[in-house]
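Structure, as structure tokens:
The values are calculated or read from the model by the stated rules, or taken from the named source; none is laboratory data. Model, not experiment: these values are computed from the prediction. Virtual Cβ from ideal backbone geometry, glycine too; neighbours counted across all protein chains shown.
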Amino acid sequence: MQRRNIPQSNPLIRPTPPPSSSTASLSSIPQSNNNALPVASVVRNNCGTQPFDKNWLNVDCCGLVCAVMTYFLHGFGCYVVCFVLIPSWMKYEREDGVQKLTFWGIFHSIGFCLVAAMAIISHLKAMCTDPGAVPPDAEPIPNDLDTKKKRLCRRCNSFKPDRAHHCSICKRCIIKMDHHCPWVNNCVGIGNHKYFLLFILYTFFSCAYSMFLVVLRFGHCMNIRTSAHCLDNPASLLSIIALTVESVLFGLFTLCMMADQWDVVLTNVTHIDRLKGDIFEESADSAGVNEVFGIGVGGGKGKRWANFRTDWLSPFTKVCFPVSVEDDIMGFCRPCGFSTRNEEEEDDPVVSSDGSPRTITGNEEIV
């Protein structure tokens, strides 16, 4: 029996079907160039702490609750002082029987509200101001590349200056980070340290002002001729007692905070640096004050003690540094500022942990 040689078909090779209309239309479309660079896309939220978010605001639930409680307590103090404490005390009655506040009643009402308003504005500025987050394109100062290693944050995967620390709540590295304060719902760093100090200062003034008025009211009630009119409304008495407790508690708390922060400003060493033992090179006596409140007009590198300025007490004035020393204070520079960089240097290409290529110069140290 004669055996025929039948060609075996390769199972990996399939016959090509006749081109249909859809296949023909796709083949007619020109293919994109494979060598084109990929387009990076980022998510830009209205509020957040990421590098491309429009407005700086930590969306932490605990911090937002503490912020609302802060505004409520200041509002409660204004209500008790302006509508309970003063109207029943600093008033007079006109001939037509209408009761009006005296000059001192109007003065203390406006004064207390102004102090509370300054505390609230300072809180808003401390909460909604970038505390000094390191941008993703930050690079070491060119003069330091030969003497120091390039420190990289293992969480941010970006450059980490000497005085920067990573905040697990903000998820960013913060320059001169002192601590993360839940009451201001933000980190306290070089960018908002002034507003934080103003917040606790005006809050202390508000508590002291209310206690001063309560003590004066108590002394007025001790007078035999007016004691019969001091306890007419029990609800008013409860409100004054609540105001007293609030003023004592938060007054002592802010007083301790001011004493603690006074040492931070004078020594120019934050709490995290002191706990970790990261004490850097000694600075001038006025360095801490200048970095918190800004050097101001006419300041420069090596400037001695800065005299007191009225803008220190204003939450509307930003903290500014001269351009000549701004990079030295922040500890990094942006790529566009590499004007003095040697163009003949060759950078070593590396790949980050997420697979995206980037370039570095000098040695790296993961911290």
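Provide a single number: the residues in segment 162-207 that are of a type in the set (Val, Ile, Thr), part of a strand (DSSP E or B) and under 26 Å from LYS149 (Cα atoms). It would help to see each step written out before you state the result.
Our first condition is that a residue be of a type in the set (Val, Ile, Thr); within segment 162-207, this holds for 169, 174-175, 184, 188, 190, 200, 203.
Going one step further and asking which of them are part of a strand (DSSP E or B), we end up with 174-175, 188.
So of that shortlist, the ones also under 26 Å from LYS149 (Cα atoms) come out as 174-175.
Adding up the residues that qualify gives 2.
Taking the conditions exactly as written (closer than 24 Å to LEU64 by Cβ, of a type outside the set (Gly, Ala, Ser), crowded, with 24+ Cβ neighbours inside 10 Å and in contact (Cβ under 8 Å) with a residue 12 or more places away in the chain), does HIS123 satisfy them or not? Give the steps one after another, and end with the answer.
Numbers: closer than 24 Å to LEU64 by Cβ: yes; of a type outside the set (Gly, Ala, Ser): yes; crowded, with 24+ Cβ neighbours inside 10 Å: yes; in contact (Cβ under 8 Å) with a residue 12 or more places away in the chain: yes.
For HIS123, the condition - closer than 24 Å to LEU64 by Cβ, of a type outside the set (Gly, Ala, Ser), crowded, with 24+ Cβ neighbours inside 10 Å and in contact (Cβ under 8 Å) with a residue 12 or more places away in the chain - is met.
What residue, among those in segment 157-203 that are buried (at least 22 other Cβ atoms within 10 Å of the Cβ) and among the aromatic types (Phe, Trp, Tyr), is farthest from GLY251 (Cα to Cα)?
Selected residue: PHE159.
Just name the residue that is farthest from SER239 (Cα to Cα) out of those in segment 87-130 that are polar (S, T, N, Q) and modelled with pLDDT of 85 or more. Quick ask: steps written out before the conclusion?
Within segment 87-130, the subset polar (S, T, N, Q) is 88, 99, 102, 109, 122, 129.
Narrowing the set further to residues that are modelled with pLDDT of 85 or more leaves 102, 109, 122, 129.
Numbers: THR102: 22, SER109: 16, SER122: 26, THR129: 34 Å.
That would be THR129.
Identify all residues within segment 179-215 that are under 22 Å from GLY132 (Cα atoms) and out of contact with any strand residue (DSSP E or B) (no Cβ under 8 Å at 6 or more places or on another chain); write none if there are none. It would help to see each step written out before you state the result.
Pass one, segment 179-215, residues under 22 Å from GLY132 (Cα atoms): 179-201.
Listed by number, the residues that qualify are PRO182, TRP183, VAL184, ASN185, HIS193, LYS194, TYR195, LEU197, LEU198, PHE199, ILE200, LEU201.
Residue check: is GLY63 at pLDDT 95 or above and part of a helix (DSSP H, G or I)? Working first, answer last.
Working: at pLDDT 95 or above: no; part of a helix (DSSP H, G or I): yes.
Against the criterion (at pLDDT 95 or above and part of a helix (DSSP H, G or I)), GLY63 does not qualify.
One line per residue, one yes/no per condition, for (1) within 30 Å of GLN50 (Cβ to Cβ); (2) in contact with a Leu (Cβ under 6 Å, 6 or more places away or on another chain); (3) modelled with pLDDT of 95 or more:
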position	(1), (2), (3)
CYS153	yes, no, no
ASN157	yes, no, no
PRO182	yes, no, no
ILE190	yes, no, no
TYR195	yes, no, yes
ASP232	no, no, no
ALA235	no, no, no
VAL245	no, no, yes
